[in-house]
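First the structure, in the form of structure tokens, and then the observations on it.
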Amino acid sequence: MREDVNELKRILDRSRRIVFFGGAGVSTASGIPDFRSEDGLYSAYTGNISPEEILSAMYFAVHTERFYSFYRRYMVHPEAQPNAVHRYLYELEKEDRLRGVITQNIDGLHKIAGNKRVYELHGSIYENYCVDCETFYPLSRILESDGVPRCSECGGIIKPWVVLYGEAPDKYTVIGACRELSGADTLIVAGTSLAVQPAASYIEYFGGKNLIVINKTPTPADEKASLVIRGDVAEVFEELCI
């Protein structure tokens, strides 16, 4: 085991209130592309409208069918399975040492792995609702429909329970996440460049002893970190499992 991962293990072994804050890099080992890397969504998508515009609340409202064409192709990965990161965090929660998983991802993999204390800041592809009567639908309703999915109760448009550009995160999710951050003794920030606001600002609520950053590229949190591991987060957690 390399020395920085060994140091991470020593810190985790001493910690009793761990919080994990993760981004797209957590799920790449599960086959879900991130956004900005050379193999990411921005490289794969060649349309003349930016992904940020397509994934905006305004675009959903005006061009709903085009939104769903993009969403089904690029944002939904029902075949993905939890990787070493998700599995390790589940074990920490079973030991009652992981107080919460705060994720910017919408893939639902932390819950699929078994974690219960999950704060999905940007929602989940597995939750969908009618914008008119608020009837909830599973992901299968989106995948099995063509064009714009409609509510079987009132005929309204079904929208994914995900935070689009121009929308605010669910306030109760944010309150819960910040509460866990403020009470943690160790915070792991992993697989995120901390470029997306307001989510990235929430780590300012952490006042504990150990701030650990695991990412391929530098982040704004590096200078405050007690340990920085430069690399793929799934590979780091695979080493932890040895």
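Please go through (1) assigned to a helix (DSSP H, G or I); (2) under 17 Å from residue 24 (Cβ atoms) for residue 125 and return the number of the only condition it doesn't satisfy.
(1)
For every residue, the table says whether it meets (1) of a type outside the set (S, T, N, Q); (2) at pLDDT below 95.
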residue: 12; (1), (2): yes, no
residue: 19; (1), (2): yes, no
residue: 25; (1), (2): yes, yes
residue: 32; (1), (2): yes, yes
residue: 36; (1), (2): yes, yes
residue: 50; (1), (2): no, yes
residue: 70; (1), (2): yes, yes
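With the requirement that a residue be assigned to a strand (DSSP E or B) and of a type in the set (A, V, I, L, M, F, W, C), what does segment 148-171 give you?
Answer for segment 148-171, where residues must be assigned to a strand (DSSP E or B) and of a type in the set (A, V, I, L, M, F, W, C): 157, 158, 161, 162.
For segment 96-105, name all the residues that are more than 20 Å from residue 163 (Cβ to Cβ) and in a loop (DSSP other than H, G, I, E, B).
Initial filter on segment 96-105 (more than 20 Å from residue 163 (Cβ to Cβ)): 96-99.
96, 97 - these are the residues of segment 96-105 that are more than 20 Å from residue 163 (Cβ to Cβ) and in a loop (DSSP other than H, G, I, E, B).
Restricting attention to segment 124-147, does a residue exist that is open to solvent by 70 Å² or more (accessible area, probe 1.4 Å) and among the hydroxyl-bearing types (Ser, Thr, Tyr)?
Yes, segment 124-147 contains at least one residue that is open to solvent by 70 Å² or more (accessible area, probe 1.4 Å) and among the hydroxyl-bearing types (Ser, Thr, Tyr).
What's the number of the condition residue 207 fails, among (1) touching a helix residue (DSSP H, G or I) at 6+ places or on another chain (Cβ under 7 Å); (2) within 18 Å of residue 102 (Cα to Cα); (3) in a helix (DSSP H, G or I); (4) open to solvent by 30 Å² or more (accessible area, probe 1.4 Å)?
Of everything listed in (1) touching a helix residue (DSSP H, G or I) at 6+ places or on another chain (Cβ under 7 Å); (2) within 18 Å of residue 102 (Cα to Cα); (3) in a helix (DSSP H, G or I); (4) open to solvent by 30 Å² or more (accessible area, probe 1.4 Å), residue 207 misses just condition (3).
Can you find even one residue in segment 104-113 that is β-branched (Val, Ile, Thr) and in contact with a Lys or Arg (Cβ under 6 Å, 6 or more places away or on another chain)?
Of all residues in segment 104-113, those β-branched (Val, Ile, Thr) come to 106, 112.
Then keep just the ones that are in contact with a Lys or Arg (Cβ under 6 Å, 6 or more places away or on another chain); that gives none.
Taking every residue of segment 104-113 in turn, none turns out to be β-branched (Val, Ile, Thr) and in contact with a Lys or Arg (Cβ under 6 Å, 6 or more places away or on another chain).
Just give me the residues in segment 106-120 being buried (at least 21 other Cβ atoms within 10 Å of the Cβ) and either polar (S, T, N, Q) or not in a helix (DSSP H, G or I) (or both), in sequence order.
106, 107, 108, 115, 118, 119, 120
What single numbered condition from (1) modelled with pLDDT under 95; (2) open to solvent by less than 60 Å² (accessible area, probe 1.4 Å); (3) over 15 Å from the mean Cα position of the chain (by Cα); (4) not aliphatic (A, V, I, L, M) fails to hold for residue 193?
It is condition (3) that residue 193 fails.
The values are calculated or read from the model by the stated rules, or taken from the named source; none is laboratory data. Everything numeric in this text was worked out from a predicted model, so none of it was measured. Heads up, the Cβs are rebuilt from the backbone with ideal geometry, glycines too, and the neighbour counts pull from every protein chain shown. When the accessible area is computed, the model is the full protein with side chains, heavy atoms only, and any ligands, DNA or RNA have been set aside. Shrake-Rupley method; radii C 1.70, N 1.55, O 1.52, S 1.80 Å.
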